[in-house]
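These notes are about the structure you will find just below.
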Amino acid sequence: MTKRYQGQGEQRGETFSQILKRRLARRSFLKGAAATVPLLIVDPSRVFSRPQGSSTLAFQPIRLSNLDTVLVPPGYSSQIIIRWGDPLFRDAPEFNILNQTASAQARQFGYNCDYVGYFPLPDYRSNNPTHGLLVVNHEYTNPELMFVGYSPANPTREQVDVELAAHGLSIVEISRSQTGGWRYHRESFFNRRITGETEMLITGPAAGHDLLKVSYDRTGTRVRGTLNNCAGGKTPWGTVLTCEENFNQYFANLNALPDSDRRKAMHARYGIPRGASERRWEQYHDRFDLSKEPNEPFRFGWVVEIDPYNPNFIPRKRTALGRFKHEAATVVVAPDGRVVVYSGDDERFEYMYKFVSARPMNPSRREANFGLLDEGTLYVAKFNDDGTGRWLPLQAGQGPLAGWSQAEVLIYTRAAADLLGATKMDRPEDIETNPVTGKVYCVMTNNSRRGSSGQPGVDRANPRANNRHGHIIELIEDGNDPTSTTFRWEIFLLCGNPMVPEDQTFFAGFDPSLVSPISCPDNITFDGSGNLWIATDGMPGTFRMNDGVFAVPVEGEERGFVRQFLSGPVGSEICGPEFTPDYRTLFVAIQHPGEGSSLAAPTSTWPDGAIPPRPSVIAVTTRHALSRIGS
Ligand code: FEO
Ligand code: CA
Ligand code: CA
Ligand code: CA
């Protein structure tokens, strides 16, 4: 792999407008055509006229699509592994849209699959690429696409309870046959549903704090369910971290609290609705009504650790990692054995965080690590305009956090980070480290309010006003040590349509006329050669085209050469993406096909060509069983 830090490396010290001017000069030859074609699509023949010798990405890019189907490049195929409602147990009922019950849903695959983690069998160290467990988050529900005749203002008790049961996670055994197909095993010992009602523990420094006590749990250590699990991560000891993101939407009636109650401002900082919730669950469940349970929201917004190999494991909400709208949690082991967890808070002008464990990992005794994430230091990122940055410790009793307890810092994490002057980012989504280089990639999905009146203006790390298309930052920890408190950073991608000057795109210095248009990056992963794979969430809004998966080299001659690999069905966002250990299968979650429409007139009938559309996990493989994808 050749090192060529062309891109931002040469440009350090330039202002953003200088970068932009240079970039626009480079593409000035395209002027006429580009200005009149709002969505110019990459011509694959041009791409393949490039020498391919050094490329580790050999697929022929596909085009943006509006078709209600999954598209992959020639030579690849996709298949559905499991759909919303598919039974996970021998005695679970088959899916029937006209006969949905909470107890049936609690034994079927949940709705809106998001994070996908592959855990090999028989154990986490086996690297078995053809037999394992899929751990899948069910982020939220679209009741308008689930229930015939759904009334948003007056959902029925049964509908609400089905929705609660359709949240959470599924753990399901899967295997790949000799002929290359994947299937799930309905009768597996490992299969499990975790829902919005599953009992779990609260652990770490905030456990048992008065703010976590409610009428049905006076200890502040036991909670019912996990909600809005967006992305996640895997630990080196074979557990999964699942992240509670937009938990605020389930709660109602913040205005029942008096202004003198400090909790009111703290709930407002996290966006708890002042009156009724949009979902109206509070009509049937007191714990979602702040006039009855003012502390219940404090028990959500955490990273939850689960052992997928033990179907009886009680999930743990790890308070040491802070409370915010966690998108994902990526774990990396430092040279001294301590573990570091990167996590973004996905909301406009929120922050990026990392947690550093107090103790090193025990590589020989798995269970010794089950409390590792309960003790350590949480940091929040400060990006300087000169390309340096600092991780600021969120420690009670220090500086502006004098007078706070550490439990308060962890429960009111956003407010604590405000006081430290952390950098307000353009909706931090996934953060992942490149296993080949150790560099950290931080995805900002978009922020249409950046630079608008009364809102923060641009800075070097969030350089575009009205950032509709999002960007990716490359961060290098000093000494390449993830525990470092200082780092360097540069912009890797400014997403958008490279043929539209107003989009102000940047592809690490790569010729923009050759790349695929990309918008709203969300979840990422790396292939075996260290190429970055990006799933998007929002292209129906920005491009009027379906979301997709893109791959891009981050080193060498093709650094910044973005190519589209997959296009999803209408109305869906693409989540997951997750490779098997041999990089011969890419798992992808197709979330909310048909979103924006309703069951009466759905814009998608994927995957069955029938009503309803069903969120599903798919497997993408090459036609040649021994070929890797992208490496
Ligand atoms: Fe659930 Fe940040 O996307
Ligand atoms: Ca996401
Ligand atoms: Ca990821
Ligand atoms: Ca998203």
* Asked: Residue check, Asp522 against (1) outside any strand (DSSP E or B); (2) closer than 26 Å to Val620 by Cα, all met but one. Which one?
  -> (1)
* To do: Within segment 579-602, work out how many residues are within 16 Å of ligand 1 (Cβ to nearest atom) and either assigned to a strand (DSSP E or B) or among the acidic types (Asp, Glu) (or both).
  => 5
* To do: Give segment 105-131 a look and list any residue that's on the phi > 0 side of the Ramachandran plot and under 22 Å from the mean Cα position of the chain (by Cα), or say none.
  => Asn112
* Structure fact -> Considering residues that are surrounded by 22 or more Cβ atoms within 10 Å (Cβ to Cβ), within 20 Å of Ala268 (Cβ to Cβ) and touching a strand residue (DSSP E or B) at 6+ places or on another chain (Cβ under 6 Å), the number found within segment 395-435 is 3
* Structure fact -> A careful count of residues in segment 461-482 that are crowded, with 19+ Cβ neighbours inside 10 Å and not in a strand (DSSP E or B) gives 7
* To do: For segment 379-434, enumerate the residues that are within 16 Å of ligand 2 (Cβ to nearest atom) and closer than 20 Å to Trp302 by Cβ.
  => Arg427, Pro428, Glu429, Asp430, Ile431
* Given (1) part of a loop (DSSP other than H, G, I, E, B); (2) crowded, with 19+ Cβ neighbours inside 10 Å, number of the condition Glu187 does not satisfy -> (2)
* Structure fact -> The residue from Gly438, Gly421 that alone is closer than 17 Å to Val552 by Cα and modelled with pLDDT of 95 or more is Gly438
* To do: Please go through segment 317-349 and pick out each residue that is within 17 Å of Asn434 (Cα to Cα), outside any strand (DSSP E or B) and out of contact with any Ser or Thr (no Cβ under 6 Å at 6 or more places or on another chain).
  => Ala328, Pro335
* How many residues does segment 224-256 hold that are within 14 Å of Glu305 (Cα to Cα) and away from ligand 1 (no atom under 16 Å from the Cβ)? -> 8
* Within segment 321-344, tally of residues that are within 16 Å of ligand 4 (Cβ to nearest atom) and aliphatic (A, V, I, L, M) -> 2
* Asked: Applying the selection to segment 133-182, what residues are out of contact with any strand residue (DSSP E or B) (no Cβ under 9 Å at 6 or more places or on another chain) and part of a helix (DSSP H, G or I)?
  -> Pro143, Glu144, Leu145, Met146, Arg157, Glu158, Gln159, Val160, Asp161, Val162, Glu163, Leu164
* To do: Determine which member of the set Leu373, Leu392 is out of contact with any His (no Cβ under 6 Å at 6 or more places or on another chain), closer than 19 Å to His209 by Cβ and among the hydrophobic types (A, V, I, L, M, F, W, C).
  => Leu373
* Just give me the residues in segment 199-208 being in contact with a strand residue (DSSP E or B) (Cβ under 7 Å, 6 or more places away or on another chain) and surrounded by fewer than 20 Cβ atoms within 10 Å (Cβ to Cβ), in sequence order. => Glu199, Leu201
* Structure fact -> Counting only residues in segment 138-164 that are more than 16 Å from ligand 3 (Cβ to nearest atom) and among the acidic types (Asp, Glu), the one surrounded by the most Cβ atoms within 10 Å (Cβ to Cβ) is identified as Glu163
* **So Phe298, is it aromatic (Phe, Trp, Tyr), part of a helix (DSSP H, G or I), under 24 Å from the mean Cα position of the chain (by Cα) and away from ligand 4 (no atom under 16 Å from the Cβ)** => yes
* From Tyr124, Tyr115, residue being farther than 18 Å from Trp606 by Cβ, within 16 Å of ligand 4 (Cβ to nearest atom) and touching a Gly at 6+ places or on another chain (Cβ under 8 Å) -> Tyr115
* Asked: Condition test on Arg287, is it of a type outside the set (Asp, Glu) and in a helix (DSSP H, G or I)?
  -> yes
* To do: Among what's in segment 506-532 and is more than 16 Å from ligand 4 (Cβ to nearest atom) and under 17 Å from Leu64 (Cα atoms), pick the residue that is surrounded by the fewest Cβ atoms within 10 Å (Cβ to Cβ).
  => Ser513
* Asked: If the Cβ limit is 6 Å and pairs must be 6+ apart or interchain, which residue in segment 107-123 that is farther than 16 Å from Thr226 by Cα pairs with which residue that is modelled with pLDDT of 95 or more and among the basic types (Lys, Arg)?
  -> Gly117/Lys234
* **Residue check, Thr235 more than 16 Å from Glu296 (Cα to Cα), in contact with a Leu (Cβ under 9 Å, 6 or more places away or on another chain) and surrounded by 17 or more Cβ atoms within 10 Å (Cβ to Cβ)** => yes
* Looking only at segment 427-480, and only at residues there that are among the basic types (Lys, Arg) and within 24 Å of Thr242 (Cα to Cα), the one that is nearest to ligand 4 (Cβ to nearest atom) -> Arg427
* To do: Considering only segment 299-311, state which residues are more than 16 Å from ligand 1 (Cβ to nearest atom) and touching a strand residue (DSSP E or B) at 6+ places or on another chain (Cβ under 9 Å).
  => Arg299, Glu305, Ile306, Asp307, Pro308, Tyr309, Pro311
* Structure fact -> When (1) within 18 Å of Met425 (Cα to Cα); (2) aromatic (Phe, Trp, Tyr); (3) assigned to a loop (DSSP other than H, G, I, E, B) are applied to Phe561, the one that fails is (1)
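For (1) of a type in the set (D, E, K, R); (2) away from ligand 2 (no atom under 16 Å from the Cβ), each residue gets a yes or a no:
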{"site": "Arg274", "(1), (2)": "yes, yes"}
{"site": "Arg287", "(1), (2)": "yes, yes"}
{"site": "Val303", "(1), (2)": "no, no"}
{"site": "Asp307", "(1), (2)": "yes, yes"}
{"site": "Ala320", "(1), (2)": "no, yes"}
* Scope segment 435-453; condition of a type in the set (Val, Ile, Thr) and within 16 Å of ligand 2 (Cβ to nearest atom); matching residues -> Val443, Thr445
* Asked: Which ones in segment 534-553 are buried (at least 24 other Cβ atoms within 10 Å of the Cβ) and away from ligand 4 (no atom under 16 Å from the Cβ)?
  -> Ala551, Val552, Pro553
* To do: Determine, yes or no, whether Gly196 is buried (at least 20 other Cβ atoms within 10 Å of the Cβ), part of a loop (DSSP other than H, G, I, E, B), small (Gly, Ala, Ser) and within 24 Å of the chain's Cα centre (by Cα).
  => yes
* For residues in segment 532-553 being part of a loop (DSSP other than H, G, I, E, B) and within 21 Å of Ser343 (Cα to Cα), which is nearest to ligand 2 (Cβ to nearest atom)? -> Asp537
* **Counted residues, segment 443-460 - those being touching a residue at least 12 places away in the same chain (Cβ under 8 Å) and out of contact with any Asp or Glu (no Cβ under 8 Å at 6 or more places or on another chain)** => 7
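The values are calculated or read from the model by the stated rules, or taken from the named source; none is laboratory data. Computed from a predicted model, the values in this text were never measured in an experiment. For neighbour counting, all protein chains shown are included, and Cβ atoms are generated from backbone atoms with ideal geometry for every residue, glycine included.
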